[in-house]
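Engineer: Please find one structure pasted underneath; my questions will follow.
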Amino acid sequence: MLVEMLKSKILRAETTDSRIDYEGSLAIDQALMDKVGMLPYEKILVGNISNGHRFETYAIPAPRGSGTFSVRGAAAHLGNVGDLLVIMSFAQMDEKEAKSAKPRTITLADRNTKIIKSQNALD
């Protein structure tokens, strides 16, 4: 049996841009994607802490070190610049692997310029 487990999480990412006139996706600073092992075009679940909306989309890399979190396409109706987001990706694994799996997570602050908490994240 396969179970779906949390693989990556970016917590308290501040939305830097919102573009309705764009193919749906969430642009994320490539350096932060790398820290949590999130891949370009990987399916993600986004929770908007500021307004309670949740939506699925995919991650696209934004310039490394930019601090960008740009909500695009139809999802732009669900968030505004300054909203705080939780971005999660998941992986399917067998039960044995799931028992020892540890997600890579970071918590951001200061307009996405500082990582204030990190668990299992890559350097």
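Engineer: Sort out for me the strands (runs of 3 or more DSSP E) sitting completely within the stretch 14-57 that have 3 or more residues that are in contact with a strand residue (DSSP E or B) (Cβ under 7 Å, 6 or more places away or on another chain) and not charged (D, E, K, R).
Structural biologist: Hits in the stretch 14-57: 25-29, 43-48.
To keep it simple, each residue is scored yes or no on (1) within 28 Å of K102 (Cβ to Cβ); (2) small (G, A, S); (3) exposed (fewer than 15 other Cβ atoms within 10 Å of the Cβ).
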{"residue": "T15", "(1), (2), (3)": "yes, no, no"}
{"residue": "I20", "(1), (2), (3)": "no, no, yes"}
{"residue": "E23", "(1), (2), (3)": "no, no, yes"}
{"residue": "Q30", "(1), (2), (3)": "yes, no, no"}
{"residue": "M33", "(1), (2), (3)": "yes, no, no"}
{"residue": "P40", "(1), (2), (3)": "yes, no, yes"}
{"residue": "L45", "(1), (2), (3)": "yes, no, no"}
{"residue": "N51", "(1), (2), (3)": "no, no, yes"}
{"residue": "F55", "(1), (2), (3)": "yes, no, no"}
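Engineer: In addition: When you check E95 against the structure, is it among the acidic types (D, E), in contact with a helix residue (DSSP H, G or I) (Cβ under 6 Å, 6 or more places away or on another chain), surrounded by fewer than 16 Cβ atoms within 10 Å (Cβ to Cβ) and in contact (Cβ under 8 Å) with a residue 24 or more places away in the chain, yes or no?
Structural biologist: For E95, the condition - among the acidic types (D, E), in contact with a helix residue (DSSP H, G or I) (Cβ under 6 Å, 6 or more places away or on another chain), surrounded by fewer than 16 Cβ atoms within 10 Å (Cβ to Cβ) and in contact (Cβ under 8 Å) with a residue 24 or more places away in the chain - is not met.
Read the figures in this text as sums done on the coordinates, not as results from a lab. On a predicted model such as this, the values are computed, not experimentally measured, just so you know. Here Cβ is always computed from backbone atoms with ideal geometry, including for glycine, and neighbour counts include all displayed protein chains.
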